1. To the nearest 10 Å², what's Leu85's accessible area with a 1.4 Å probe?
2. Quick one: how many Å² of Glu32 are accessible to a 1.4 Å probe, rounded to 10?
3. Counting only protein chains, not ligands or nucleic acids, how are Asp57, Asp82 ordered by accessible area (probe 1.4 Å), most first?
4. Where Lys and Arg each count +1 and Asp and Glu each count -1, what net charge lies around Asp82 among other residues with Cβ under 13 Å from its Cβ?
5. In straight Cα distance, which aspartates and glutamates are under 14 Å from Lys2, not counting same-chain residues fewer than 8 positions off?
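The values are calculated or read from the model by the stated rules, or taken from the named source; none is laboratory data. All figures in this text were calculated on a predicted structure; none of them were measured in a lab. All Cβ positions, even for glycine, are placed from backbone atoms using ideal geometry, and neighbour counts span all protein chains on display. In case anyone asks, the SASA skips ligands and DNA or RNA and just uses the protein heavy atoms, side chains included. Shrake-Rupley method; radii C 1.70, N 1.55, O 1.52, S 1.80 Å.
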Amino acid sequence: MKNVVFQFHVPFNGNGLKNKEGVYYTNTGLNEWASRSSQYFKEYARKHNADYVLLQDKYVNSTSVYFEVLRLYKDPQFDKYDNLLYVDMDVMPVDM
């Protein structure tokens, strides 16, 4: 059985959101908490004999990044897995 833990991080959601300074969000890579979550779930996947996939590009044709989770059934790269676990980037595992 092949398993995968999947996370995505796309800071720019295409809806024209602005930060406190009035600047549009841009894809600047992982921030501190997203990086920490990614590291924890890489370790979680390793301990549970699963692959780990972190994607930072848009795949689903939508104005909102919230629909990127649909990538699990739209993107053929996930067809080889029997079990898929999607985890939000703001989740931190307490007990591996």
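1. That residue has around 70 Å² of solvent-accessible surface.
2. So the heavy atoms of Glu32 present about 130 Å² to solvent.
3. These residues rank, largest area first, as Asp82, Asp57.
4. Value of the local net charge: 0.
5. Candidates past the 8-residue exclusion: Asp51, Asp79, Asp82.
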